[in-house]
């Protein structure tokens, strides 16, 4: 009952943030920060750096500059999280 009561008190905004988790009684920590102009992107099955670059209208070289861990253009995997610069 206490859980149901606390859930009813949460304002529905479509955003799950620190206040949401606190209201639910869950512990949370801030996620890793990303530099301005960069988004974290999860690679989907069948995607390559070329496809991702085209989707975000950036060059593969720009993606590589913000992902020093990528040493081979063909080495990204589905589920991998990479940085992508945005304009």
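Once the Cα-Cα distance is subtracted from the 0.36 nm per residue extended length, the residue 86 to residue 50 segment shows a gain of 11.5 nm. Per-residue extension of 0.36 nm, minus the Cα-Cα distance of residue 20 and residue 73, leaves a gain of 15.2 nm for this segment. Taken over segment 38-85, the convex hull of the Cα atoms encloses 63 Å³ per residue. Between residue 59 and residue 13, the C-beta separation translates, for a Förster distance of 22 Å, into a calculated FRET efficiency of about 0.05.
Bear in mind these aren't lab numbers, they're just calculated from the coordinates by the rules spelled out. All values derive from a computational prediction rather than experimental measurement. Virtual Cβ from ideal backbone geometry, glycine too; neighbours counted across all protein chains shown.
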